[in-house]
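The values are calculated or read from the model by the stated rules, or taken from the named source; none is laboratory data. Small disclaimer: the values here were computed from a predicted structure and weren't measured. Note that we place each Cβ from the backbone using ideal geometry, even for glycine, and neighbour counts take in every protein chain shown. The accessibility values were calculated without ligands, DNA or RNA, using every heavy atom of the protein model including side chains. Shrake-Rupley method; radii C 1.70, N 1.55, O 1.52, S 1.80 Å.
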Amino acid sequence: QVQLVESGGGLVQPGGSLRLSCAASGSIFTIYTMGWYRQAPGKQRELVANTINGGTINYADSVKGRFTISRDNAKNTVYLQMNSLKPEDTAVYYCNADLSLSSPSPIYRYWGQGTQVTVSS
């Protein structure tokens, strides 16, 4: 059984900052990718940022230069530092991880429960 537990969402004014955390726990063999997606009301879930074993990091164009993703492999935890937040960043943010259990394959995708981020004055 694997769980992804998120924390750090909330209400912030435009221009403010928030830091999201997501910790994975359970019988994990290897985590290959950890990242963050978001879903605003009436819109599809979209990738915000992810980090892949080996160091590759991807960002959505809309957050480049404002958001920073980082990962602590020893803690199976991924972070998302969000600066210069805008109202259009308002969404439910979901953590995700592609990982294997007990052996290198197969690889499974897990999701956190989601955390609300609201940017409003």
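Taking the stretch 50-69 as the search range and keeping residues that are open to solvent by 50 Å² or more (accessible area, probe 1.4 Å) and polar (S, T, N, Q), which one is farthest from Val5 (Cα to Cα)? Per the criteria, the residue is Ser62. Looking across the stretch 1-49, the residues that are open to solvent by less than 70 Å² (accessible area, probe 1.4 Å), of a type in the set (S, T, N, Q) and in a strand (DSSP E or B) come down to Ser7, Ser21, Ser25, Thr30, Thr33, Gln39. Before we move on, is Val92 outside any loop (DSSP other than H, G, I, E, B), open to solvent by less than 70 Å² (accessible area, probe 1.4 Å) and in contact with a Gly (Cβ under 7 Å, 6 or more places away or on another chain)? Yes, satisfied. Scanning the stretch 24-46 for residues that are closer than 21 Å to Ser100 by Cβ and under 10 Å from the mean Cα position of the chain (by Cα) yields a count of 4.
Does Leu85 fit the bill of being among the hydrophobic types (A, V, I, L, M, F, W, C) and in a strand (DSSP E or B)? Taking the combined requirement at face value, the residue does not satisfy it. Among the residues that make up the stretch 96-115, is at least one of them closer than 20 Å to Gly42 by Cα, of a type in the set (Val, Ile, Thr) and not in a loop (DSSP other than H, G, I, E, B)? Yes. Exactly one residue among Arg45, Arg38, Arg71 is touching a residue at least 12 places away in the same chain (Cβ under 8 Å), at negative phi and touching a Ser or Thr at 6+ places or on another chain (Cβ under 6 Å), and that residue is Arg71. Comparison of Pro87, Pro104 shows that the only residue that is open to solvent by 40 Å² or more (accessible area, probe 1.4 Å), touching a Pro at 6+ places or on another chain (Cβ under 7 Å) and either modelled with pLDDT under 95 or not hydroxyl-bearing (Ser, Thr, Tyr) (or both) is Pro87.
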